[in-house]
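The values are calculated or read from the model by the stated rules, or taken from the named source; none is laboratory data. A quick note: this is a predicted structure, and the numbers were derived from the prediction, not measured. Cβ atoms come from the backbone with ideal geometry, glycine included; neighbour counts cover every protein chain shown. Keep in mind that these areas ignore ligands, DNA and RNA; they rest on the heavy atoms of the full protein, side chains included. Shrake-Rupley method; radii C 1.70, N 1.55, O 1.52, S 1.80 Å.
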Amino acid sequence: MTPAERAKQPPAKVPRDGPKLTGPKLEEKLAETWSNPPGFIGWLSSVDHKDIGRRYVITALIFLALAGALAVVMRLQLSKPDNDLIGAARYNEIFTMHGTTMMFLFAVPVMQGMQIYLTPLMIGTRSNAFPRLNAFSYWTYLAGGCLLWVAFILNIAPDIGWFAYPPLSGPQFGVGKRADIWAQMVTFTEVAALAAAVSLTATILKQRAPGMSLARMPIFVWATLVTSLMVIFSMPSVALASSLLLSDRLVGTHFYNPAENGDALLWQHLFWFFGHPEVYIIFLPATGFVSEIVATFSRRTIVMYPIVVMSLVATGILAFGLWVHHMFATGLPRIGYSFYTAASMSVSIPTGLQIFCWIATLWEGRPRLQVPLLYVIGFIFTFVIGGLTGVIIAAVPLDLQLHDTYFIVAHFHYVLIGGAVFPLLGAITYWYPKATGRMMSETLGKVSFWMIFLGFQLAFFPMHIAGINGMPRRVYSYPAGMGLELPNLLSSIGSMVVAVAVLLFVINMVVSLRGGLKAAPNPWGAPSLEWATSCPPPKYNFPHIPVVDSRTPLWDAGEKMSVVHGLRVEERELLLTTVMHAKPDLREPSAEPSIWPFIATLATTVMFVSSIFSPWAVVIGAMPVIIALTAWFWPKSPAPEREPVIS
Amino acid sequence: MQRGGAYLSLCVTSCAGVQNAFGGQGAEDANFVRLFAVFMVVCTVMYLIVSAALVIAVWRRRQATLTIEDRKHHETSAATRPALIVWTVLIAVGLVGLTIASFFTDRSNAANGSKPRLSLTVTANQWWWDVEYNSPDASKIVRTANEIHLPVGVPAQVTLKSNDVIHSFWIPNLAGKQDLIPGRVTDAQLLPRKTGLFRGQCAEFCGVQHAQMALDVTVESKAAFDRWYAAQLQPGRPPANPLQLAGYRYVTTRECSSCHNISGTPAGGHVAPDLTHFASRRSIAAGALPMNRGNLYGWVADPQSQKPGNHMPTVGLAANDLHAIVAYLEALK
Amino acid sequence: MSLRCPNSVLALAMIAALCSCDREERQTRGKPLGETIPTVASPDTIFPGRATPPPLDPRAAQYEGNASAIAEGQRLYNWMNCAGCHFHGGGGMGVALMDDKWRYGGRIDQIAASILEGRPNGMPAWRGKLTEQQIWQLAAYVRTLSGQERKDAVSARADEVSNTPPQTQTKREPLRPADSDQQ
């Protein structure tokens, strides 16, 4: 048939959602289209963003528990001076594993996991962009985590610190393959994070519900967008740094060898160019959580939404100009340091504005003191201390005393636990009903909140004192008589309290799966789109794609929300909208479940792990990767289009 | 409430420390204490403002019932925008003030260090400090290890090098830290203002015994420093009795001499701490053990049990040799 | 959790190559008292009547292919100025150590014996100047100069001016006695 003749044919009968196909009949068809294949292979092939987000969060929480257990062991060793519970070499492995796991295997993945789960639901679409890339991202992250922890179990854990400065991590002083395992784990997690960030960025820019202009996006979605762009710009730096290190160690290049015109500081610049944005990559999604929780629990929209959004963007941009504040002791020119002092101080301004907006929202609203809001309040009390100690160490004369002491350990735990973990726990409590259909126990939630909040203060506040009293970082023991006994003992006791509290939180999560109160679709009375569908959401997220006309669709339109009609029902199809104003633009097929992302991860794992031992592995190992990628991207057979295509 | 406790514990713990950033015994550290106090005041005020606002915000209209129906969830009171502006200006003014204070402190530190009258070179190794007092006259160069003596009130310039990995030179009572980076030369300026015994420690993770890489610092009067310096210029004290002679024979002909140097003897190794005046030091093995006879026995007999992983091997000495060596080393004052 | 087991099993199976505890074992203390007992017969290759050298010393397993022994040996090679005669393996006043000619034997215990006892034509005896543990560490490092040790235990280069191709790429030389080409 020629195209002209085909255009004259009546349109084929393609089932679409609409006034004729709605309700349970529509949901049945959609469920079938969007479900996973059965069995274990089907479980491995899932590209559903909810599955992937859930896997990310659960895996990250397991790594949190493992790294937290290591922290408890470290605190036991440091509870007394001259303690001999753990020897020097083992302690160095433990703090390296603790830091590396927390930063690479918990903090960034858990935020990305929450983002992957929530973003399509919050913007009113059925899936992430690039669903198979998303799946690949999770499996690659899991492979990197397994590499590190299997190495720990086999007693070849890295012992060079989470930041792995050469020459200590270099070929001469980093003995054996421990540092290579660390560097290759970084490659895995960096690839995973990049893949997830690319998918999230595309999802947010092109798949929002009609009417959800950029100015109407939930703040969490803005935070996700800014964070994902930060990941894309910063992760390649650490991947480059670790690849250069692997190259030095494996084939004797001289990137970090000062005797051959390399430079040990090259590593520090490359690493911290990633490392500083990394902590904002962890912090900004947490501010997104806080904005959502504050709005819901104050029963009003966030005050001055444009200010909050601009603060997120400003923080994201400024974060790239601060990295040398990790290098104030290295002897670089002082005039350069002044710039970084000024930049480091000024990055607190956008965050200060966000804090104002949150407190103003609570002030103008009617706060309900339930567990998620308690975590937000704990976050503000704790994070602001961390932010203020950050202002202190932004000044060079102060940093030169406090750098590499327990004062810094206190500072970053205040901003990371206070600034990211507290909002995360609040967010898990808040979105738990959405993901599981049950509420977490409010009483147990309050108990674990108070324990974790007070235990945290007990554990980490004394570290400020220990640092000023002369305790450097990364020491397996300290001598008696320097005023370090009391702060360390208090910290150790506090860490036990925190450990028990986190355990209680996890117990709450597990027990509430069966025993929690059943949740209505919108148990908190929240305004954003994810609460417009059932708890837990069906595989297809929404029976009809919603149309929004405000920042708080469920509060404004509520039951009378308009929806989109006309998307296909028997094939996976998404609605793409324009970037700025979210006008409906295109219909786009969405990828079916596929085993190839998992197989591509296996091939990549073999290639990366064996390249620790031989450079030939990069060449030979690339073959299976190419085969897997080819199979993944193999185009579907071009069946004739059943409908006329408007050209 | 945490702040009150902090101040209390600061007062209790701070003043007595030998490795304490609040000691204020050096010019740079005194500047640190002053600047830190300024920052603490400003930061505490900001924290109290935020905390008070949060507490009031949460407390004033807490309710349990849902009230979206009154349709006020988009309205914002008129006071919010001016409050935001005031808050932003407050933060900006505070930060600018703190940055200026920091700048002036930096200038003061630079001025204090601009005209040094004493010059040292400290080379860091895994896990000990090689200290050399520089002098244009080669016969006046003093080489020691793991300790520094400084005359009070005399600005000293310390050139910092590393033989292996990145270390950090930190004497908190006197000044901030500076990294020692292989392939680069950095420097630190020390201007001690009060006499006393202090302790420094490596502050950049440098391997398995990073925790036991400390430095004994003695700040004394100029006269005492000159006496010490003159004593350091002397060669190692010769053995004074048969036991010390046996020790001398062992140390200068066997394993010890491969790595250690004792001036005026055949022991001329240069890859381990200089032992010429070893017994005059306050500690053994870079602060790992206080200097006394028992510790000396323990260290010489089995250094790997005291500081596992360090480069001094356990030799497996016979008892007679051990007694002789310790007797000789104890006399190297 | 059962659902993640298969992937963990796969990962474990694949990373079996990493399970080389011998390579990564860190040695702190040698076995000093045992080592002060002198060995009865030197294990070198020169025997009257061309007898076979004694079997490999049991201590070899502790030092061969052990990354920390090789690393410490590399430090000692620099500290004891072995390069003064042997350069970085190319030889000068002393014999080359990166070639295939081993007059007194190229096994690790034979090299350790050469260092311990000294050899004619200028090799000093290090017995009493270094502990036996240090000598074995040096021997392990010397073996890497001719590529005898497993490549995953060797570091590619030291942090110094480049003087050899990367040690991880060094071709493994056969161990030939020095006079083999004069048969």
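For this structure, a couple of remarks:
- Those lysines that a straight Cα-Cα span of less than 17 Å connects to residue C:129, excepting residues fewer than 8 apart in one chain: C:31
- Reducing the range B:129-204 and the range A:39-110 to their Cα centroids gives an inter-centroid distance of 39 Å.
- Spacing of the two label points (7 Å from each Cα toward its C-beta) at residue A:454 and residue C:61, in nm: 5.7 nm
- Rg of the Cα atoms in the range B:242-330, relative to 2.2 N^0.38 Å, amounts to 0.98.
- Note on the range B:93-115 and the range A:485-556: Cα centroid distance 47 Å, given to the nearest whole angstrom.
- The range B:92-188: trypsin sites (Lys or Arg not before Pro) in DSSP coil with no more than 13 other Cβ atoms inside 10 Å: B:117
- Efficiency of FRET from Cβ geometry, residue A:259 and residue B:38, R₀ 45 Å, rounded to 0.05: 0.55
- Pairs over the 27 Å Cα-Cα cut-off, from the set A:434/A:560; A:20/A:50; A:25/B:72: A:20/A:50; A:25/B:72.
- Translational diffusion of the range A:371-523, µm² s⁻¹ [Kirkwood Rh, Cα pairs; Stokes-Einstein; 4 °C; 1.567 mPa s]: 78 µm²/s
- Debye intensity ratio in log₁₀ form over the Cα atoms of chain A, taken at each q of 0.06, 0.08, 0.12 Å⁻¹: -0.34, -0.61, -1.33
- Per residue, in Å², the accessible surface of the protein assembly as shown once ligands and nucleic acids are set aside, probe 1.4 Å: 38 Å²
- Principal-axis tilt of helix A:422-436 within chain A, Cα atoms, nearest 10 degrees: 30 degrees
- Value of D in µm² per second that Stokes-Einstein yields for the range A:15-119, Kirkwood Rh from Cα pairs, at 37 °C (0.692 mPa s): 190 µm²/s
- Accessible area buried, both sides summed, chains B and A with 1.4 Å probe, Å²: 7700 Å²
- Solvent exposure, largest accessible area first (probe 1.4 Å, DNA, RNA and ligands not counted), of A:496, B:40: A:496, B:40
- Rounded Å value of the spacing that divides the Cα centres of the range A:170-239 and the range A:613-628: 24 Å
- For the protein assembly as shown, the ratio of Cα radius of gyration to the globular rule of thumb 2.2 N^0.38 Å stands at 1.04.
- Antiparallel beta bridges, as assigned by DSSP with both residues in chain B, represent about 70 percent of the total such bridges.
- Under 16 Å from residue A:80, Cα to Cα: aspartates and glutamates that are on another chain or at least 8 residues apart: A:485
- Percent of Cα pairs exceeding the 13 Å cut-off, where the set is the range A:385-450: 70 percent
- Annotation: residue A:102 carries an accessible surface of approximately 40 Å², with a 1.4 Å probe and no ligand, DNA or RNA atoms counted.
- Interface C:B - total buried accessible surface [probe 1.4 Å, Å², rounded to 100]: 1500 Å²
- FRET efficiency for the pair residue A:4 and residue C:83, taken as 1/(1 + (r/R0)^6) with r the Cβ-Cβ distance and R0 = 60 Å, rounds to 0.10.
- The mean count of C-beta atoms from other chains within 10 Å of the C-beta of residues in A:384-397, rounded to a whole number, is 6.
- Electrostatic bookkeeping for residue B:175 treats Lys and Arg as +1 and Asp and Glu as -1; over the other residues with beta carbon under 12 Å from its beta carbon, the sum is -1.
- As a calculated quantity, the FRET efficiency between residue B:194 and residue A:616 at R0 = 45 Å, using C-beta atoms, amounts to about 0.10.
- Compared with the dominant Cα axis of chain B, that is its longest principal axis, helix B:222-233 is turned about 40°.
- Helix B:319-330 axis versus longest C-alpha principal axis of chain B: approximately 70°, rounded to the nearest ten.
- Estimated [θ] at 222 nm from DSSP helical runs (n ≥ 4, -39500 (n - 2.57)) normalised by residues in the protein assembly as shown, nearest 500: -17000 deg cm²/dmol
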